[in-house]
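Below you'll find the structure, written out as structure tokens, and then a few comments.
No lab work stands behind these numbers, since they all come straight from the coordinates. Since we're looking at a predicted model, the values are computed, not measured. Note that each Cβ is placed from the backbone with ideal geometry, even for glycine, and that neighbours are counted across all protein chains shown.
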Amino acid sequence: MEAMTDEQVRKWCPQAGLKATTRFDILRYKQKREHKFFITAPEEHRAILYLARVMLIFRDEVQFSGGLVWLQQWNIGSPPLVSAGWRILEDMRRAHGELRSLEIAPAQSFREDEIVELHAFLIQVIAFGWRADFIPFFGEFFLHFKPNRQICITAKSPKTLKELRDHFQQWNPTDEDPMLVKMAAMAKARRKPGSGLK
């Protein structure tokens with residue numbers, strides 16, 4: 001395990017064919033068209049455990065070669081509630097000799113023999129609803145976790161996207177962020193004559 005600063009991750013991204021755009025570090029592949037879909041993270045703990053594991057074994061567990069988790073809004077929420085997640089991550093890092101806090105080095109790189117540690121990190125990201133990215137070191141795809149429980153899975157090619165959609169089929173993939181679809185429907189309902197909403 002190796003902790004990384006935001007700046008180190010931004011410098012590393014081109015090696016993975018990615019670029020961090022805008023001041024919010026939104027990851028994109030260096031191509032015009034995006035290939036992506038969304039799934040909704042479960043709320044039940046055992047389902048979170050399983051989903052995090054599914055994220056790690058795309059194609060085959062034998063192909064697992066590590067990955068990077070980049071926390072970008074891990075400090076949102078009520079401090080008394082989310083501080084347990086911070087403690088878990090920082091204690092794991094300390095056990096591997098990393099003394100810097102998440103504020104200083106909010107990203108974590110995992111080797112191919114650290115699947116359990118990466119699994120534990122992803123469980124916290126999903127359970128606490130943190131904004132983060134998971135970039136596997138194989139497969140040419142990445143996952144973007146949003147605070148609204150939506151996970152955007154982006155692939156470099158349509159072929160990989162189809163494989164990923166099949167892999168995550170039980171999580172009901174959709175082409176659009178369900179939260180944005182719901183917000184658009186609510187806005188449309190407010191504009192409808194006679195709705196009483198403005």
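Some points to look at:
- Option label - P(r) over Cα pairs in 5 Å bins from 0, in percent computed here, alternatives (i) 1, 8, 17, 22, 23, 18, 9, 2, 0; (ii) 1, 6, 12, 14, 16, 13, 10, 7, 5, 4, 3, 3, 2, 2, 1, 0; (iii) 1, 7, 15, 19, 20, 16, 10, 5, 3, 2, 1, 0, 0: (iii)
- Cβ-based charge dipole, region 2-191, positive-most Cα from 150, 187, 137: 187
- Charge tally in the Cβ shell below 15 Å around residue 165, where Lys, Arg are +1 and Asp, Glu are -1, residue 165 excluded: -1
- Theoretical ellipticity at 222 nm over the chain - DSSP helices of four or more residues, -39500 (n - 2.57) apiece, nearest 500: -11500 deg cm²/dmol
- If you take the Cα centroid of region 3-27 and the Cα centroid of region 127-198, the two points sit 21 Å apart.
- Proximal aspartates and glutamates relative to residue 188, as straight alpha-carbon distance under 18 Å, when same-chain residues fewer than 8 apart are discounted: 176, 177
- Of the residues 26, 82, 97, the one whose Cα sits farthest toward the positive end of the charge dipole of region 2-191, with +1 on the Cβ of Lys and Arg and -1 on the Cβ of Asp and Glu, is 26.
- Pairs with C-alpha atoms separated by more than 22 Å, drawn from the list 32/156; 11/159; 19/146; 19/182, are 11/159; 19/182.
- Note, ³J(HN,Hα) from phi for region 57-68, Karplus 6.51, -1.76, 1.60, rounded to Hz, x at Gly and Pro: 10, 4, 6, 5, 4, 4, 7, 4, 10, x, x, 10
- Note on the chain: GNM, Cα springs under 10 Å; of 107, 52, 184, the largest mean-square fluctuation is that of 184.
- Full-extension gain in nm, residue 81 to residue 116, via 0.36 nm per residue minus C-alpha separation: 10.2 nm
- Rounded to 10°, Cα long-axis angle of helix 158-167 versus longest principal axis of the chain: 90 degrees
- Modelled label positions at residue 31 and residue 181, each set 7 Å beyond Cα in the direction of Cβ, lie 2.4 nm from each other.
- A straight chain from residue 101 to residue 62 at 0.36 nm per residue would run longer than the Cα-Cα distance by 10.8 nm.
- Acute angle (nearest 10 degrees) that the helix 45-56 long axis makes with the longest principal axis of the chain, alpha-carbon atoms: 70 degrees
- For residue 96, neighbours were defined as the other residues whose beta-carbon sits under 13 Å from its Cβ, and their charges (Lys and Arg +1, Asp and Glu -1) total -3.
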